[in-house]
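Quick notes on the structure that follows.
The values are calculated or read from the model by the stated rules, or taken from the named source; none is laboratory data. No experiment lies behind these values; they were computed from the predicted model shown. Quick reminder, even Gly has a Cβ in these numbers, built from the backbone with ideal geometry, and neighbours come from all protein chains shown. Note: accessible area is taken over every heavy atom of the protein model, side chains too, but ligands, DNA and RNA are not part of it. Shrake-Rupley method; radii C 1.70, N 1.55, O 1.52, S 1.80 Å.
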Amino acid sequence: MHRLRWAVVDGWTITRRDLIHWARQPVQVVVGLLFPIMVVLMFGYLFGGGMSVPGGGNYREFLMPGMFAMTVLFGIEGTYTAIATDVSRGVTDRFRSMPMAGSAVVVGRSTADMLNAVLGLVVMVACGLLVGWRWHGTVGAALAGFGLLLLLRFALLWLGIYLGLLLRNPEAVVAMQILVWPVLFLSNALVSPETMPGWLGMVAEGNPLSATVSATRELFGNPGWEGDSWLRQHALAMALGWPVLLIGIFLPLSVRRYRRLDR
């Protein structure tokens with residue numbers, strides 16, 4: 001019990017450190033929150049008039065679950081940059097030399113990241129409500145939808161932590177920013193896979209992002225696409241399965257990599 005309390009206190013100390021950094025860099029935080037809003041306005045109003053929703057419905061209601069998932073996906077860049085910067089500057093090594101719980105660095109960072117993800121989702125929900133998005137199911141179903149989004153964020157968080165510990169190069173975030181966009185576009189976040197060539201549509205359906213977007217559209221009662229593939233028919237199971245698989249792979253890898261930093 002004492003060791004658990006020690007780990008919690010040390011983890012919260014690292015979390016506070018990250019939160020203080022954000023408080024001292026408000027411009028960076030505000031820009032990070034405004035960028036998804038800009039994308040919503042661009043796709044919802046500039047391109048939305050040329051988009052058709054399979055089965056009918058408001059495109060902005062179709063779009064917003066995809067934008068929520070986009071906010072979750074883009075957070076991986078901040079996670080990677082923070083971890084890689086600390087490692088490259090020797091901050092992580094100094095933490096490891098202190099009498100603190102070994103898990104404090106990654107637990108603290110993950111907690112701060114999840115708090116940031118919650119803030120980002122709150123801002124996006126407010127933006128969605130302003131542009132006409134609504135959920136049409138029960139409050140419980142809506143909360144389950146947001147829970148799936150945060151679960152995916154938690155899974156991607158450990159991917160970002162692992163890459164930051166592995167590459168140790170903050171400048172490589174540029175390459176990650178380039179790769180994140182194809183993951184977003186090659187999904188059902190913005191358009192239906194039915195509009196894509198057959199093989200490309202199959203790849204889009206298998207995207208973990210697509211599973212979460214499809215499941216949240218169902219839970220929010222928003223329009224979606226009615227595919228007959230196994231992946232589409234079991235979107236909720238896949239929205240749970242993909243994050244669990246990613247966590248099962250990258251959480252142990254991150255812990256192992258953190259322990260081997262000094263080797």
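Enter the accessible area of residue 41 (Å², nearest 10), with the probe set to 1.4 Å and all protein chains included.
About 80 Å², rounded to the nearest 10.
Determine the gain in length on full extension of the stretch residue 143-residue 89; use 0.36 nm per residue of separation and subtract their C-alpha separation, reporting nm with one decimal.
Length gained between residue 143 and residue 89: 15.5 nm.
Taking a 1.4 Å probe, which of 162, 80 shows the most accessible area, and what order do the others take after it?
My answer, sorted largest first, is 162, 80.
Between residue 20 and residue 169, what is the FRET efficiency for a Förster distance of 35 Å, r being their Cβ-Cβ separation, to the nearest 0.05?
E(calc), rounded to 0.05, equals 0.90.
Looking at the chain, what % of the alpha carbon pairs are farther apart than 29 Å?
34 percent
About the Cα centre of the stretch 53-190, what is the dipole size in debye to 20, counting +1 per Lys and Arg Cβ and -1 per Asp and Glu Cβ, all else neutral?
It comes to approximately 140 debye.
Accessible area per residue, 1.4 Å probe, Å², for the chain: what's the number? Before the final figure, lay out each step's value.
Numbers: 13110 Å² over 263 residues.
Using a 1.4 Å probe on heavy atoms only, each residue of the chain averages 50 Å².
Going by accessible area, probe 1.4 Å, with all protein chains left in place, what is the ranking of 45, 59, largest first?
Correct descending sequence by accessible area is 45, 59.
Enumerate the helices in the chain for which the Kyte-Doolittle hydropathy averages 1.0 or more and the C-alpha atoms extend at least 20 Å along the helix's axis, using complete DSSP H runs.
26-41, 104-130, 139-167, 235-259
Going from the alpha-carbon gyration tensor of the stretch 84-187, what semi-axes, largest first and in whole Å, does one get by taking the root of 5 times each eigenvalue?
Working from the Cα gyration tensor, I get semi-axes of 32, 18, 11 Å.
Ignoring ligands, DNA and RNA, please state the percent of accessible area on the chain from carbon and sulfur, probe 1.4 Å.
Here it works out to 68 percent.
So for the stretch 124-263, Kirkwood radius off the Cα pairs, Stokes-Einstein at 10 °C and 1.306 mPa s: how many µm² s⁻¹?
96 µm²/s
Accessible surface of residue 150 in the full protein assembly, 1.4 angstrom probe, to the nearest 10 Å²?
The accessible area of residue 150 comes to roughly 50 Å².
Where does the stretch 198-258 land on Rg/Rh, using Cα atoms and the Kirkwood Rh?
Rg divided by Rh gives 1.10.
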